[in-house]
Every structure is written in structure tokens, then in C-alpha cells.
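Have a look at the structure below, then the notes.
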Amino acid sequence: MKHALSLIALVAAMPAFAEDTRQLDAHEHGVGALNIAIEGTTVAMEFHAPGADIVGFEYAAESDADLAAIEAAVATLAAPLDLFALPDAAACTVTTAQAELESEEDHDEDDAEHAEEAGHTEFHAAYMLTCDNPEALTTISFPYFESFPNAQEVEVQIITASGAQAFEVERDAPVLNMGR
């Protein structure tokens with residue numbers, strides 16, 4: 001269990017490392033990031049995507065239509081198995097799921113020039129799953145691309161007891177073979 005907690009802590013820290021990178025290089029429209037840690041029957045997932053990919057805009061929502069789009073997107077992102085489909089044989093269930101919209105103003109800005117070009121928003125989601133048969137976690141399909149037409153690619157990092165792997169999943173090939 002101690003090892004599981006350390007892997008979960010590591011996947012929770014991945015966005016912090018990625019955030020440092022994004023502060024230097026603005027996020028890339030069309031590209032989301034999915035970090036996964038698998039330990040025993042526990043699967044921890046963190047997902048980030050630019051606001052433009054999810055709702056089609058990155059400015060601060062003010063109109064009723066924009067606010068409704070954000071609310072609908074958060075609800076969709078809170079259903080991880082509808083976006084990132086795991087094999088039925090793995091028998092996974094969602095333990096917790098949280099999704100939210102973050103703006104650059106939500107983060108400490110050290111660079112005044114970067115702060116002036118603020119206005120970028122990003123959706124963030126965190127999920128915990130329990131999979132009764134984790135050996136069956138061999139593929140992930142991405143109905144995510146059907147839900148969000150502006151999304152073009154998801155950069156995936158997976159950490160297991162046997163090591164770490166990185167993949168790119170694209171809209172035209174929305175299935176990841178984890179080679180487990």
C-alpha cells in the first residue's frame with residue numbers, strides 16, 4: 001500500500017512539473033495531457049486540456065451560453081470512463097472524479113509580461129478508480145475526441161510498478177495500446 005500511495009503522489013505531482021513547463025511555453029491548443037498511475041487495483045488519473053479544446057474559447061466566460069458550455073464541459077469531464085474507456089475485463093469503477101476550469105489568474109504569476117498575455121484557461125480533472133482485474137488494463141480508447149471536436153491529441157504518461165511510459169494519442173488513432 002505504501003508503494004501505491006507513492007505512485008499516486010507522483011501522478012498528483014506530475015501536473016506541477018507540467019505546469020512549470022507550461023509557464024515557460026504556453027499550452028498548445030489541441031493538445032491535452034493525461035497522467036496515469038497504476039498500482040495494484042488503484043488507478044489514479046490527472047487530465048489537463050486547454051479551454052479552447054474543450055469549449056472553443058479561453059476568455060473569461062460572461063454570457064449565459066459560455067457559462068452553460070463550461071458547466072456542460074465540467075459535467076462531461078467528471079465522467080472519466082466515458083472519455084477514457086478501459087477494457088470491460090478490467091472491471092473498473094470510479095471512486096472519485098473532480099473536474100474544474102482554471103484560469104492563469106488562479107496560478108501565481110512571477111512574470112509580469114506573461115501575466116499581461118493571461119486569459120488562457122485550462123480544464124483540469126482528477127480521477128481515482130478501482131479495477132478488480134488490473135492485468136486487463138492493456139488498452140485505453142479515447143471517446144474523448146468525440147466529445148470535444150477541437151481536441152487533436154492527448155499526451156499520456158503512465159506509471160506502473162514496472163516503470164514509466166509516454167505515448168501520444170491522436171484523434172485519427174484514438175486507441176492506446178499499453179503493451180502490458
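The values are calculated or read from the model by the stated rules, or taken from the named source; none is laboratory data. These numbers come from a predicted model, not from an experiment. Note that each Cβ is placed from the backbone with ideal geometry, even for glycine, and that neighbours are counted across all protein chains shown. Heads up: the accessible areas ignore ligands, DNA and RNA and are worked out on the full protein's heavy atoms, side chains in. Shrake-Rupley method; radii C 1.70, N 1.55, O 1.52, S 1.80 Å.
Here are the numbers for the structure shown:
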{"quantity": "Those residues of the stretch 144-180 which are open to solvent by less than 30 Å² (accessible area, probe 1.4 Å) and not in a strand (DSSP E or B), in sequence order", "calculated": "Tyr144, Phe145, Phe148, Ala151, Met178"}
{"quantity": "Residues that are surrounded by fewer than 13 Cβ atoms within 10 Å (Cβ to Cβ) and either of a type in the set (Phe, Trp, Tyr) or part of a strand (DSSP E or B) (or both), drawn from the stretch 66-104", "calculated": "Thr93, Thr95, Thr96, Gln98"}
{"quantity": "Test: residue in the stretch 123-133 that is of a type in the set (S, T, N, Q), free of Cβ contacts under 8 Å to residues at least 24 places away in the same chain and either surrounded by fewer than 18 Cβ atoms within 10 Å (Cβ to Cβ) or closer than 16 Å to Leu81 by Cβ (or both)", "calculated": "no"}
